[in-house]
Amino acid sequence: MHVVIVGQKWLAAAVLQACHAKRYTVSAVATGGDDAFRRAAHTAGVLHGEAITQIPACDLIVAAHLHDYLPAAIRARARHGVLAYHPSLLPRHRGRDAVRWAI
């Protein structure tokens with residue numbers, strides 16, 4: 001399975017590690033900056049970029065700690081769709097402070 005991961009921080013890095021443990025092919029990642037995820041992708045030798053518009057065709061897109069909206073054209077590049085992780089109950093605790101609002 002060819003997976004693309006978009007996200008940031010420790011959660012996206014953990015998803016990258018889990019995908020490798022399952023022997024999925026992580027084709028590319030889109031990172032949100034110089035953080036744990038970018039360092040993990042670099043260490044793993046995975047192609048990475050800043051812009052979500054650079055996401056290639058794949059089987060699945062995994063969004064982990066992503067603050068950006070994935071447009072339909074981007075979602076359509078994934079044959080099986082998008083799996084998104086969110087740290088709180090939606091829609092009540094949405095937004096940048098999702099964990100704080102949930103607490």
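The values are calculated or read from the model by the stated rules, or taken from the named source; none is laboratory data. Predicted model only: the values in this text are computed from it and were never measured. Note: ideal-geometry Cβ built from the backbone for every residue, glycine included; neighbour counts use all protein chains shown.
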Every pair of residues 6+ apart whose Cβ atoms lie under 6 Å, when the first sits in the stretch 69-82 and is farther than 10 Å from Ile55 by Cβ while the second is assigned to a loop (DSSP other than H, G, I, E, B) and acidic (Asp, Glu)
Arg79/Asp59; His80/Asp59
Top-ranked residue of the stretch 26-46 - restricted to ones that are surrounded by fewer than 13 Cβ atoms within 10 Å (Cβ to Cβ) and in contact (Cβ under 8 Å) with a residue 12 or more places away in the chain, ranked as nearest to the chain's Cα centre (by Cα)
Gly33
Among the residues of the stretch 9-25, what is the count of those that are modelled with pLDDT of 90 or more, over 20 Å from Ile74 (Cα atoms), within 13 Å of the chain's Cα centre (by Cα) and aliphatic (A, V, I, L, M)?
3
Of the numbered conditions (1) in contact with a Gly (Cβ under 7 Å, 6 or more places away or on another chain); (2) modelled with pLDDT of 90 or more, His65 fails exactly one; give the number of that condition.
(2)
